[in-house]
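So the structure is just underneath, and the comments pick up after that.
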2 protein chains.
Amino acid sequence: MNIGILTIGNEITGGRIQDTNSAMIARAMHRQGWIVTRMMSVGDNYDDIHDALAYLLSHVEALIITGGLGPTADDITTEAVAKAFGLELLRDEAVLARIKDLFAKRGLPWTENNAKQALFPKGAKIIENPLGTAAGFAVYKGKKVVMVIPGVPREAEKLTLDGVIPIIREAFPDAALHVKSRTFRLFGIAESAVDEALSADHLGERGIGVGFYPHFPENHLVITVREASEEKAQTLFAEACKIVEMRLGRYIFAKDDESLAGNIARLLIERSLSVSTAESCTGGLIADSLTDIPGSSEYFERGVVSYSNEAKKALLNVPDNVIAEHGAVSEETARLMAEGIREMSKTDLGLSVTGIAGPSGGSDEKPLGTTYIALAAREKTFCSHYTFRWNRRWNKIAASQAALLMLWRYLKGEIE
Amino acid sequence: MNIGILTIGNEITGGRIQDTNSAMIARAMHRQGWIVTRMMSVGDNYDDIHDALAYLLSHVEALIITGGLGPTADDITTEAVAKAFGLELLRDEAVLARIKDLFAKRGLPWTENNAKQALFPKGAKIIENPLGTAAGFAVYKGKKVVMVIPGVPREAEKLTLDGVIPIIREAFPDAALHVKSRTFRLFGIAESAVDEALSADHLGERGIGVGFYPHFPENHLVITVREASEEKAQTLFAEACKIVEMRLGRYIFAKDDESLAGNIARLLIERSLSVSTAESCTGGLIADSLTDIPGSSEYFERGVVSYSNEAKKALLNVPDNVIAEHGAVSEETARLMAEGIREMSKTDLGLSVTGIAGPSGGSDEKPLGTTYIALAAREKTFCSHYTFRWNRRWNKIAASQAALLMLWRYLKGEIE
């Protein structure tokens with residue numbers, strides 16, 4: 001099953017925007033077990049679109065086109081596709097009514113040029129767009145199928161999953177497998193260690209696809225199962241997930257669309273716990289993550305970025321002599337920062353980070369990237385030590401992620 | 001001058017990575033005044049590469065290829081290009097020596113497979129790579145030129161600017177113009193207002209290219225001048241920059257690779273001024289930006305994320321009755337937060353933000369996105385009011401940017 005992708009727009013060929021639709025579609029096709037052999041981009045130009053269509057259709061069985069479905073004069077994709085296949089354009093009254101309805105709902109004045117978005121090649125199958133005015137469509141050419149969807153990334157993704165994939169599955173039933181996929185979000189483990197952890201399970205031989213995608217500071221492990229029967233797919237998928245959780249459970253902090261901060265927020269709220277933060281090298285990044293979740297005032301009391309030693313003393317009660325003796329970047333200081341913010345804010349938990357983000361400030365004893373992370377709870381204070389070896393920004397991100405992970409593990413009862 | 005771009009790699013067609021090289025190259029070509037008419041991606045596969053080369057070369061005069069120059073078995077670009085043009089591969093001893101030297105310098109053991117990166121099609125012109133082991137090359141086919149560069153984005157960009165563009169300029173002297181370009185980073189002004197501000201100057205008619213690129217929360221205005229003579233280009237470029245600074249100066253916070261936080265840091269250090277922050281809805285994002293700059297401890301004393309009213313009282317001296325009377329999100333509270341953090345941290349400046357990031361918490365009087373930003377200086381406290389209409393994350397980013405901009409304008413003496 002060979003797939004082609006064609007993205008259309010002068011803003012792409014002129015380098016004005018980064019085309020993200022091609023990669024999104026390629027990934028969605030890959031999950032189905034279909035192979036993308038050609039990806040192409042051309043400008044809003046009849047000849048180039050016509051010629052690209054002919055070239056791609058001579059190499060692939062299904063072609064997905066995005067972009068150029070807007071109401072303005074330079075949006076010519078529908079017309080170009082119709083021309084290339086010798087089809088006239090017909091107005092779809094149901095789509096037109098829906099577009100007019102959307103305008104009314106949004107309080108926008110209706111202008112006749114927008115009716116263009118209700119024109120489709122004769123015989124086309126409409127791909128509905130619940131997110132906008134540009135509906136997509138599919139036209140069949142012999143045994144091949146060409147699908148056109150809008151270029152707005154959010155809409156393109158929705159229509160790829162809900163429109164394009166079902167159409168290809170229907171057109172090529174032999175290639176239509178039952179697909180199950182899960183993304184495990186990992187932190188603190190490298191690709192080689194993941195390979196090793198899973199090596200004894202021989203996932204590949206059992207028909208379980210494994211992909212590893214770095215998304216700093218996370219690593220994403222994607223498990224995909226493709227089977228002819230739904231039942232077999234479900235069984236194998238459940239087995240695959242069980243293996244991954246057993247082997248890598250302690251590194252998994254979220255699945256699919258979950259986020260670490262979101263999962264932490266859920267547990268804090270469930271258990272009516274509150275938290276405050278005391279940050280040095282992360283500069284506010286932990287507080288920023290914890291306050292990205294709607295309703296965060298329910299569990300987040302305050303955050304302190306105690307850059308100076310005076311601030312550590314005034315806001316966290318860290319005595320001068322501890323800093324003088326052990327240094328601002330030390331386990332002792334990290335512990336006192338966490339305990340200090342917990343006491344002063346009267347929260348259940350206090351989370352602290354102190355470290356050397358770089359690019360300067362390291363020593364033989366405490367090299368660049370040296371970071372101490374502490375979590376103060378009622379019963380005990382925990383502390384971890386890391387040496388991050390990235391640039392300043394990435395050291396901040398990694399330290400923030402490691403601190404959130406310590407909080408997450410504590411909330412799950414994994415550290416005590 | 002028609003240009004084609006071909007990116008090669010199974011990681012691209014499988015959707016494993018986002019190809020950013022195509023857009024980077026397209027933009028670089030656009031600045032030179034050259035038109036990219038075809039962008040294509042194929043996997044690491046001889047037949048597909050061969051066929052794509054033939055197709056693209058029938059449509060463009062210059063073709064730029066990235067990817068597949070690594071030392072491993074699946075990196076076949078050089079061999080595929082040589083095959084397609086019927087050229088044998090020859091070892092370049094100077095390149096080989098350089099690669100071996102790099103291995104030695106990095107303390108890596110030499111293995112013979114790496115010698116592959118010193119093989120080039122006979123007659124190829126080497127494009128040196130100062131950033132890695134994969135050198136690029138150019139081969140000429142009649143009047144056309146094919147250039148191959150590595151896929152690592154940092155290396156691809158360097159070799160595009162320093163290798164590819166000079167080669168195309170030399171091969172097509174009629175298309176080689178003197179190009180000058182500057183990116184102005186703007187905040188707080190929309191595209192339509194930029195258009196209006198520049199309309200009387202008729203930049204297009206004078207041969208000054210203007211591009212507008214949204215990069216939330218910033219907008220980038222790119223001015224490009226392309227002329228046959230260097231002198232004319234310099235004169236027109238200076239004129240263009242002068243016009244933009246005159247018309248839009250107050251919205252410009254950085255140029256080209258500068259950042260707002262970096263420019264603020266420079267002024268604070270120059271003038272020996274220190275700053276502290278008191279944040280509510282931005283959750284630490286302002287402190288995070290200010291501490292992204294190496295050496296930030298020179299000017300940043302502390303940051304406070306005062307989410308609760310207790311924190312506003314304890315850390316910023318904001319009295320209960322002010323919050324009770326005017327609300328936590330009010331001009332009065334914002335001013336007291338800025339003054340409070342300035343006094344308690346003994347810094348020259350105190351910067352504060354309080355607002356409703358959403359998605360809930362708005363009212364008729366204070367709708368979602370309502371944000372107050374205050375800057376306390378020795379002589380006076382300034383306050384601004386905004387209503388941001390984005391989602392929670394974007395409201396945080398916009399509020400943080402607006403606060404930094406207030407600090408920047410104060411440091412430049414634009415508000416007093």
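The values are calculated or read from the model by the stated rules, or taken from the named source; none is laboratory data. Worth saying up front: this structure is predicted, and the values here are computed from it rather than measured. Methodologically, a virtual Cβ is constructed for each residue, glycine included, from the backbone with ideal geometry; neighbour enumeration extends over all protein chains shown.
Structure values in brief
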item	result
Total residues in segment B:344-367, condition surrounded by fewer than 21 Cβ atoms within 10 Å (Cβ to Cβ) and either within 12 Å of chain A (Cβ to nearest Cβ) or not acidic (D, E) (or both)	8
Total residues in segment A:289-343, condition part of a helix (DSSP H, G or I), within 14 Å of another protein chain (Cβ to nearest Cβ) and either among the basic types (K, R) or touching an Asp or Glu at 6+ places or on another chain (Cβ under 6 Å) (or both)	3
Residue under evaluation B:K396, criteria (1) assigned to a loop (DSSP other than H, G, I, E, B); (2) among the basic types (K, R); (3) over 21 Å from A:A311 (Cα atoms), criterion not met	(1)
Selected residue [in contact with a helix residue (DSSP H, G or I) (Cβ under 7 Å, 6 or more places away or on another chain) and at positive phi] from A:G9, A:G86, A:G15	A:G15
In segment B:368-402, residue nearest to B:P214 (Cα to Cα) [restricted to those that are more than 14 Å from every other protein chain (Cβ to nearest Cβ), among the small types (G, A, S) and crowded, with 24+ Cβ neighbours inside 10 Å]	B:A374
Within segment B:262-284, tally of residues that are closer than 22 Å to B:I323 by Cβ and assigned to a helix (DSSP H, G or I)	0
Meets criteria (surrounded by fewer than 21 Cβ atoms within 10 Å (Cβ to Cβ) and assigned by TED's automatic domain parsing to the domain that holds B:N10) for B:L119	yes
First in segment A:265-280 and free of Cβ contacts under 8 Å to residues at least 60 places away in the same chain, second anywhere and part of a helix (DSSP H, G or I), Cβ under 7 Å, 6 or more apart	A:A265/A:S296; A:I269/A:E298
Criterion: surrounded by 15 or more Cβ atoms within 10 Å (Cβ to Cβ) and touching a Cys at 6+ places or on another chain (Cβ under 8 Å) - qualifying residue of A:R169, A:R182	A:R182
Some residue of segment A:187-209 being surrounded by fewer than 17 Cβ atoms within 10 Å (Cβ to Cβ), outside the structural domain of A:L285 (by TED's automatic domain parsing) and in a strand (DSSP E or B)	no
